[in-house]
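Here's the structure we're looking at; comments come further down.
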Amino acid sequence: MAERMIRVDGIELCTESFGDPQDPPVLLVMGLGASMLWWEEGFCRMLAAGGRFVIRYDHRDTGRSVTYPPGRPGYTTADLVADAVRVLRAHGITAAHVVGVSAGGALAQLLALAHPGRVRSLVLISTSCAVPGERGLPPPTEEFIRFASAAHTDGPDAESVIDDQVAYARVLAGGRRPFDEAAVCGLVRRDVERAHDFGAARNHDSVAEGRVAQAPLSSIAVPALVIHGTADPMFPLRHGQALAERIPGGRLLALEDAGHGVERTDWPTIVAAILEHTA
């Protein structure tokens, strides 16, 4: 289906849906700094073919959603959580199964805590605990820290930006599997060309927390499935294990040698797990 611009509470967000609106709804929440394109169309269509109404959307400052001046995000993390509710409202959906990856998984947890009536179930991919309480979790890998700590400024042209983003994707992949550079480069190029201002996504690095839910994860009452790669360089596997342990009844699906994110190799496994979890 075509993209749809929604305007709720004065906020303009770009969304796209797949499948039959009469099927159980699944809301996909991407990580910060990434547009909805990173929920790739093929993945969305696989979920829709399984009998789910799938919605993806651009966060503020990504893709075609509202964009703010560099260094001055006019919103907080709490607002990003509320945006998920805005997307559901605009589509006439009371509650949905919510699937979040990376920081999108943290937003999904906060959504379940702040708006429990909006969440039917959770699927949390490549993420960690969104609220304080878990101690002793391992840090990112040395390679990830080296890359993240290096200076990454917007290059003089789109090609420089694309090269940097592809290099970042390579690090996130974890290094245990072949890296499909051509596919990633194509995705990044579409993302850069589609965005109002691709550099605006850096605003996510300075977003204040705002008034987010502080309840413990043990108060989440919906079924939760945690999916985590064993080679995740940002959040080593123990993060996923801890998350599954803290949410009552939480289940962990470990993806052998997978890195951080939703890799094409794992689409059949992840889609099957989501369909079973949301049945």
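The values are calculated or read from the model by the stated rules, or taken from the named source; none is laboratory data. Model, not experiment: these values are computed from the prediction. So basically every Cβ, Gly included, is an ideal-geometry build from the backbone, and we count neighbours across all protein chains shown.
Scan the stretch 168-184 and report the pairs whose first residue is over 14 Å from Glu142 (Cα atoms) and whose second residue is among the small types (Gly, Ala, Ser) and not in a loop (DSSP other than H, G, I, E, B), with Cβ atoms within less than 7 Å and a gap of 6+ or a chain change.
That search, which allows pairs on different chains as well, returns Val184/Ala169.
For the stretch 106-125, state whether one or more residues are out of contact with any helix residue (DSSP H, G or I) (no Cβ under 7 Å at 6 or more places or on another chain) and free of Cβ contacts under 8 Å to residues at least 12 places away in the same chain.
Scanning the stretch 106-125 turns up no residue that is out of contact with any helix residue (DSSP H, G or I) (no Cβ under 7 Å at 6 or more places or on another chain) and free of Cβ contacts under 8 Å to residues at least 12 places away in the same chain.
Quick grid of which residues meet (1) touching a Ser or Thr at 6+ places or on another chain (Cβ under 7 Å); (2) more than 21 Å from Pro268 (Cα to Cα):
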{"site": "Ala2", "(1), (2)": "no, yes"}
{"site": "Pro21", "(1), (2)": "no, yes"}
{"site": "Ala49", "(1), (2)": "no, no"}
{"site": "Gly63", "(1), (2)": "yes, yes"}
{"site": "Val81", "(1), (2)": "no, yes"}
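Among (1) under 25 Å from Ile247 (Cβ atoms); (2) acidic (Asp, Glu); (3) over 18 Å from the mean Cα position of the chain (by Cα), which single condition is Glu159 missing?
It is condition (1) that Glu159 fails.
Inspect all residues belonging to the stretch 204-222 and state whether any of them is at pLDDT 95 or above, crowded, with 20+ Cβ neighbours inside 10 Å, not basic (Lys, Arg) and not in a helix (DSSP H, G or I).
So far as the stretch 204-222 goes, yes, one or more of its residues are at pLDDT 95 or above, crowded, with 20+ Cβ neighbours inside 10 Å, not basic (Lys, Arg) and not in a helix (DSSP H, G or I).
Among the residues of the stretch 89-117, write down those that are outside any helix (DSSP H, G or I), within 18 Å of Pro24 (Cα to Cα) and not hydrophobic (A, V, I, L, M, F, W, C).
Selection gives His91, Gly92, Thr94, His97, Gly100.
Any idea which of His239, His228 is assigned to a strand (DSSP E or B) and within 17 Å of the chain's Cα centre (by Cα)?
So the residue among His239, His228 that is assigned to a strand (DSSP E or B) and within 17 Å of the chain's Cα centre (by Cα) is His228.
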